[in-house]
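J.: I'd like to ask you about the structure that follows.
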Amino acid sequence: MKGYAMLKIGEAGWITKDSPQCGPLDALVRPLVVAPCTSDIHTVWEGAVGERHDMILGHECVGQVVETGALVRDFKPGDRVIVPAITPDWNSIEAQGGFSMHSGGMLAGWKFSNIKDGVFAELFHVNDADGNLALLPEKVDPVSAVMLSDMIPTGLHGAELADIRFGDSVCVIGIGPVGLMSVAGAALRGASRIYAVGSREVCVEAARKYGATTVVNYRDGDIADQINDLTSGRGVDRVIIAGGDVDTFASAVRMLKPGGVIGNVNYLGEGEYVRIPRAEWGAGMGHKTIAGGLMPGGRRRMEKLVSLIESKRLDPSHLITHRFQGMENIEKALMLMKDKPRSLIKPVVILDF
């Protein structure tokens, strides 16, 4: 089969390799709609997960089942399915402990384009199909639904990690597609004031649609100083980090109230250490909590989140700024994520419906 792959650190291209085999609990799926991710950029051009050779990229997909294993109960060939980016092994010890995303080891629930071939191919393998696939409802647009693979669940997980309560003030740092879904998640969980940190007009406009009450432009000065000025020095109850780098944590701690929580869903592709400012962390005793986590995966999560789209509580279409047709345009869409033009939020590639 043909696929678009990481050839080595710093290099990607088209390859041909053997088609995957279907185990008794598994499924083979052909992609209908895919989307590249900034994580793919970190993986290839920053070497964030280490060296990989001829590994097919991509982990965001809506597809159609081609084959199922003998023990798969709930899916059959022809079903259109949402495929989450995180596909845990549900019988693992880690899953039984409530951390399925780390089944088999740290971050090992993230399999596509990390420890096995991803979805930018003519065919791909899904482990534990009954636990990891979700049927695509007939009335849900497959192009919007591909945002359920990663952008929506990761962004909403930021709101979960930050433990947002009714009436909280929240700052979302970074309003790319994940950050925009964190803004939406903060609004859905009852935040009263949502400060969105970003500069690109297309993202700012979308942030306001998703519930941001104030936009802070990092080009106008230190973001912690701006947030503290806007809150009369009090800071915010919760911070979601959805962009930036290892130094962003210092700003988050500085703007956070004592007793507050930082939820990080930003994939740190570079840097060795995260530095925390001692005094603003209350010399270690400020009850300022930092929680960072990979999004949960699995069927139950997908079914719950797609119901938000069905009920019109969440409209992911605002994320999609660029659409391509045909598998040959996967590379073009990926390069958009690498170059990040100011008109971009998220590109998708439509292969078939």
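J.: Which of (1) touching a strand residue (DSSP E or B) at 6+ places or on another chain (Cβ under 6 Å); (2) closer than 30 Å to Ser343 by Cα; (3) part of a strand (DSSP E or B) does Ala291 not meet, given it meets every other one?
T.: Only one criterion is unmet by Ala291, namely (2).
J.: Within the set of pairs 6 or more residues apart or between chains, which connect a residue that is more than 30 Å from Leu7 (Cα to Cα) and free of Cβ contacts under 8 Å to residues at least 60 places away in the same chain inside the range 58-87 to a residue that is assigned to a loop (DSSP other than H, G, I, E, B) and not acidic (Asp, Glu) with Cβ atoms less than 6 Å apart?
T.: Going by the 6 Å Cβ cut-off, the qualifying pairs are Ala70/Pro24; Leu71/Pro24; Leu71/Leu25.
J.: I would also like to ask the following. Residues in the range 88-97: is at least one in contact with a Phe, Trp or Tyr (Cβ under 9 Å, 6 or more places away or on another chain), at pLDDT 95 or above, surrounded by 15 or more Cβ atoms within 10 Å (Cβ to Cβ) and hydrophobic (A, V, I, L, M, F, W, C)?
T.: No, the conditions are met nowhere in the range 88-97.
J.: Next question, about the same structure. Within the range 303-353, can you find the residues that are surrounded by fewer than 20 Cβ atoms within 10 Å (Cβ to Cβ), in contact (Cβ under 8 Å) with a residue 24 or more places away in the chain and of a type in the set (D, E, K, R)?
T.: Residues satisfying the conditions are Glu303, Glu310, Arg313, Asp315, Arg323, Glu331, Lys338, Arg342, Asp352.
J.: Return a yes/no flag: does the range 329-351 have any residue that is among the small types (Gly, Ala, Ser), more than 18 Å from the chain's Cα centre (by Cα), at pLDDT 95 or above and closer than 30 Å to Leu133 by Cβ.
T.: No, the range 329-351 contains no residue that is among the small types (Gly, Ala, Ser), more than 18 Å from the chain's Cα centre (by Cα), at pLDDT 95 or above and closer than 30 Å to Leu133 by Cβ.
J.: Here's another thing I want to ask about it. Considering every residue within the range 65-72, establish whether at least one is among the polar types (S, T, N, Q) and touching a helix residue (DSSP H, G or I) at 6+ places or on another chain (Cβ under 9 Å).
T.: Checking the range 65-72: at least one residue is among the polar types (S, T, N, Q) and touching a helix residue (DSSP H, G or I) at 6+ places or on another chain (Cβ under 9 Å).
J.: For the structure I just gave you, tell me whether Ala108 is out of contact with any strand residue (DSSP E or B) (no Cβ under 6 Å at 6 or more places or on another chain) and surrounded by fewer than 24 Cβ atoms within 10 Å (Cβ to Cβ).
T.: yes
J.: Still on this model: Exactly one of (1) of a type outside the set (S, T, N, Q); (2) touching a residue at least 40 places away in the same chain (Cβ under 8 Å); (3) surrounded by 18 or more Cβ atoms within 10 Å (Cβ to Cβ) is unmet by Val44. Its number?
T.: (2)
J.: Oh, and also: Would you pick out the residues in the range 136-169 that are more than 20 Å from the chain's Cα centre (by Cα) and assigned by TED's automatic domain parsing to the domain that holds Asp54?
T.: Matches in the range 136-169: Pro137, Glu138, Lys139.
J.: Another one. Please find, within the range 194-215, the residue that is nearest to the chain's Cα centre (by Cα) out of those that are assigned to a strand (DSSP E or B) and surrounded by fewer than 24 Cβ atoms within 10 Å (Cβ to Cβ).
T.: Of everything passing the filter in the range 194-215, Val215 is nearest to the chain's Cα centre (by Cα).
J.: Does at least one position in the range 180-193 carry a residue that is touching a strand residue (DSSP E or B) at 6+ places or on another chain (Cβ under 9 Å), assigned to a helix (DSSP H, G or I), modelled with pLDDT of 95 or more and under 28 Å from Trp90 (Cα atoms)?
T.: The answer is yes; a qualifying residue exists.
J.: Counting just the residues of the range 260-302 that are aromatic (Phe, Trp, Tyr) and either touching a Pro at 6+ places or on another chain (Cβ under 7 Å) or buried (at least 16 other Cβ atoms within 10 Å of the Cβ) (or both), which one comes out modelled with the highest pLDDT?
T.: Looking at the filtered set, the residue picked out is Trp281.
J.: Oh, and also: Return yes or no: is Gly63 in a strand (DSSP E or B), assigned by TED's automatic domain parsing to the domain that holds Lys338, surrounded by 24 or more Cβ atoms within 10 Å (Cβ to Cβ) and small (Gly, Ala, Ser)?
T.: Yes; evaluated as a whole, the condition is true for this residue.
J.: Could you count how many residues in the range 266-287 are of a type outside the set (Phe, Trp, Tyr) and touching a Lys or Arg at 6+ places or on another chain (Cβ under 8 Å)?
T.: Total meeting the criteria: 4.
J.: Hey, does the range 15-38 have a residue that's closer than 22 Å to Glu270 by Cβ and surrounded by fewer than 18 Cβ atoms within 10 Å (Cβ to Cβ)?
T.: no
J.: Quick one: how many residues across the range 140-195 are of a type in the set (Gly, Ala, Ser), closer than 26 Å to Asp222 by Cα and without any contact (Cβ under 8 Å) to a residue 60 or more places away in the chain?
T.: Residues flagged as of a type in the set (Gly, Ala, Ser), closer than 26 Å to Asp222 by Cα and without any contact (Cβ under 8 Å) to a residue 60 or more places away in the chain within the range 140-195 amount to 6.
The values are calculated or read from the model by the stated rules, or taken from the named source; none is laboratory data. It should be emphasised that the depicted structure is a prediction, and the values quoted were computed from it without experimental measurement. Ideal geometry is used to build each Cβ from the backbone, glycine not excepted, and the neighbour counts take in all protein chains shown.
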